[in-house]
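Remarks on the structure that follows.
Coordinate-derived values only; no laboratory data. Just so it is clear, the model here is predicted, and its values are computed rather than measured. For neighbour counting, all protein chains shown are included, and Cβ atoms are generated from backbone atoms with ideal geometry for every residue, glycine included.
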Amino acid sequence: MSRKAFIAGNWKMNMTAESGEKLIKELAPLVKNASCDVALCVPAILIPAMTKAAQGTNIKIGAENVHWAKSGAYTGEISTDMLKEYGVEYVIIGHSERRQYFGETDESVNKRTLAALAAGLTPIVCVGELLEERENGSTEKVLDKQLTVGLNGIEDITKVVIAYEPVWAIGTGKTATDEQAQETIAYIRKKIGELFCPKCAEKVVIQYGGSMNAGNCKGLMAQPDIDGGLIGGASLKLDFATIVNYDK
Ligand code: 13P
């Protein structure tokens, strides 16, 4: 079994063309010898400028969302064609902030994921439980539904990246312990094995996300089922390079 590690940043609604370009220029030499795949998922409006800034580097530029329709009357949305025009390869789908603030559901996550795959993009599908759900013991039940509905109808699950982001760990500084993250990600892999096939599940890249930083990345990345990270706050600074170089 060999899964290539994948560290991706999620800029969320941060940065401008100017500050983003500056950061990418500074990060590029620091991450150029990375053994993992590296991406920064940025606000849609910054994609053209960030793609340009990252040209000739090993930093791939990704998007933070994509719509399922080819085109049409969907004010404020972005299509797969629009992303592909700029060479985008990765797109985050179903981030908990989309679920929490913008009504994203497992059903809409599924539609976006299928559309991304059909267009040849790699979806980074986010799943994870709320604090209340962890505390009342329903983490596995919540993940079961997110995975069963969100990944329904996918032909080749190995083309999907999963990001396990416990909602209580996002932006809170409260990281899941190495053991908690490992245990839950192993569960996700097992569930994917049941939904698809155990062999395919072994090939699926599963990231951890939620207050992952320069200090805790090594311990998390040392876990057998954790193949990478989806990094929020720490991807807005040079700490991102330290995370990318977790094995150096
Ligand atoms: P933080 O790293 O800021 O906790 O955010 C994680 C996240 O939501 C990445 O998608």
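Yes or no, residue by residue, for (1) assigned to a helix (DSSP H, G or I); (2) among the aromatic types (Phe, Trp, Tyr); (3) surrounded by 20 or more Cβ atoms within 10 Å (Cβ to Cβ):
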position	(1), (2), (3)
Asp81	yes, no, no
Val88	no, no, yes
Gly103	no, no, no
Leu117	yes, no, no
Cys126	no, no, yes
Glu133	yes, no, no
Glu140	yes, no, no
Which numbered condition Lys174 misses (of (1) closer than 20 Å to Ser211 by Cα; (2) surrounded by 19 or more Cβ atoms within 10 Å (Cβ to Cβ); (3) within 16 Å of the ligand (Cβ to nearest atom)): (2)
Failed item, numbered, when Ser235 is tested on (1) within 16 Å of the ligand (Cβ to nearest atom); (2) under 16 Å from the mean Cα position of the chain (by Cα); (3) surrounded by fewer than 22 Cβ atoms within 10 Å (Cβ to Cβ): (3)
Count of region 1-17 residues which are hydrophobic (A, V, I, L, M, F, W, C), over 14 Å from Ala241 (Cβ atoms) and outside any loop (DSSP other than H, G, I, E, B): 2
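Give me the residue from region 147-158 that is part of a helix (DSSP H, G or I) and touching a Ser or Thr at 6+ places or on another chain (Cβ under 9 Å) and, out of that set, surrounded by the most Cβ atoms within 10 Å (Cβ to Cβ). Break it down into steps so the answer makes sense when it comes.
From region 147-158, those part of a helix (DSSP H, G or I) are 147-150, 157-158; that's our starting set.
If we keep only those that are touching a Ser or Thr at 6+ places or on another chain (Cβ under 9 Å) too, we end up with 149-150.
Values: Val149: 13, Gly150: 26.
Selected residue: Gly150.
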Selection within region 18-69 - in contact with a Leu (Cβ under 9 Å, 6 or more places away or on another chain) and part of a loop (DSSP other than H, G, I, E, B): Ala54, Thr57, Val66, Trp68
